[in-house]
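Below is one structure; the comments refer to it alone.
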Amino acid sequence: MSRGVYIVANDRVFDQAIALLSSLRIHDPEIPVFMLPFNEEHEQVEAVCREHFNVQLYPDLSFLEKLTQDIAEIFPRDFLRLPNKMRKLGVWFGPRDEFIYIDTDILLFQSIEKSLDYLNDADFCCCDFQQKGRGIAEVFNPTVQEQGLFSEAELQEVFNSGFWGSKKDIFSYDEMLAILKECAAHREYFDFSTGTTDQPILNYLILKTTDKRINIMRTNPNEPGNWGGSSHFQQKGHLLYDGELLLRYLHWAGTPMTTGGPYRELWEHYRFLTVKQPLLEHSKQSRNSIRKSLKQYFSSLFRA
């Protein structure tokens, strides 16, 4: 049974991917990691991830292109503006039998194998407090409850789409597309009001297709928190604790990761732990500032 980790990245999340992978490799130096390119602008992040973290590119890029095109044909642009956001669905058809998917705005503080082990008893696992926090918001509209589309117990299992695990081929490609077409036919089911994209669709897909599900938070009553917007976590060395409990991971999830944001110094530790290259985000900000200054300069010349 092969195991591994998937991420989706492009050059825009260059710094985030480095920090995530630095934290991952401390605990799991050998586990296979595969990167699904978000779009064609991934040469910089792919190169550094391959060189420093032994990350492999998703082996079937033509399949990812087909997936993206099929999704673009299923969903109108005013429903799903960025079909590429759904590329993470490709993990079910990749080379690993069991896997964890991780968004790049995450740091890990424990071995990913501890999360993968939950797949011994389930076809899907997650570890978050969505239901205790936002409930079905950012996933489903109340219409879903009113129509009884899912039971109340099932709706207690909604999850954030940034950290979860599953198994290869728990549904076929055609079965997945059929579910996505159901979603496209019922946009009233989904809550996109705060800018979420893949999360509502992914929740619908899992609830419709997968019976053996585990939320680690429910299975483990002592599971610590993991949201970057929580201010009470305590740093010991370069790890975070919720009281005496070591965090499994920290997910910024809509919380600013910029200078002055929560746990920024800790994030910078992992960002520069392995790769000393300056922050790409600062380089982009500098270029944007130069462009803005030049634009203002030439505008003043024309006004003179």
Practice task
Could you tell me whether the range 17-26 includes any residue that is surrounded by 19 or more Cβ atoms within 10 Å (Cβ to Cβ) and among the charged types (D, E, K, R)?
Solution key: yes
Fill in the blank from the handout: Restricting the range 130-175 to residues that are among the hydroxyl-bearing types (Ser, Thr, Tyr) and free of Cβ contacts under 8 Å to residues at least 24 places away in the same chain, the one nearest to LYS88 (Cα to Cα) turns out to be SER172
Problem - Unique match (being surrounded by 13 or more Cβ atoms within 10 Å (Cβ to Cβ) and in contact with an Asp or Glu (Cβ under 8 Å, 6 or more places away or on another chain)) among HIS52, HIS42 - result: HIS42
Problem - Out of GLY225, GLY237, GLY195, GLY229, sole residue that is within 18 Å of the chain's Cα centre (by Cα) and without any contact (Cβ under 8 Å) to a residue 24 or more places away in the chain - result: GLY195
Exercise for the section: For residues that are outside any helix (DSSP H, G or I), within 17 Å of the chain's Cα centre (by Cα) and within 21 Å of TRP252 (Cβ to Cβ), tally how many sit in the range 69-124. Expected result: 12
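Per-residue answers, yes or no, for (1) touching a helix residue (DSSP H, G or I) at 6+ places or on another chain (Cβ under 7 Å); (2) surrounded by 14 or more Cβ atoms within 10 Å (Cβ to Cβ); (3) among the β-branched types (Val, Ile, Thr); (4) at pLDDT below 95:
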| residue | (1), (2), (3), (4) |
| --- | --- |
| HIS251 | no, yes, no, no |
| THR258 | no, no, yes, yes |
| PRO262 | no, yes, no, no |
| ARG271 | yes, yes, no, no |
| THR274 | yes, yes, yes, no |
| ARG287 | no, no, no, yes |
| SER293 | no, no, no, yes |
| ALA304 | no, no, no, yes |
Exercise for the section: Go through the range 126-160 residue by residue and tally those that are farther than 23 Å from ARG248 by Cβ and in a loop (DSSP other than H, G, I, E, B). Expected result: 9
Handout entry: Scan of the range 203-249 for residues that are assigned to a loop (DSSP other than H, G, I, E, B) and in contact with a helix residue (DSSP H, G or I) (Cβ under 6 Å, 6 or more places away or on another chain), ordered by number
Key = GLU223, HIS238
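The values are calculated or read from the model by the stated rules, or taken from the named source; none is laboratory data. Worth saying up front: this structure is predicted, and the values here are computed from it rather than measured. A quick note on method: Cβ atoms are made from the backbone with ideal geometry, for glycine too, and the neighbour counts reach across all protein chains shown.
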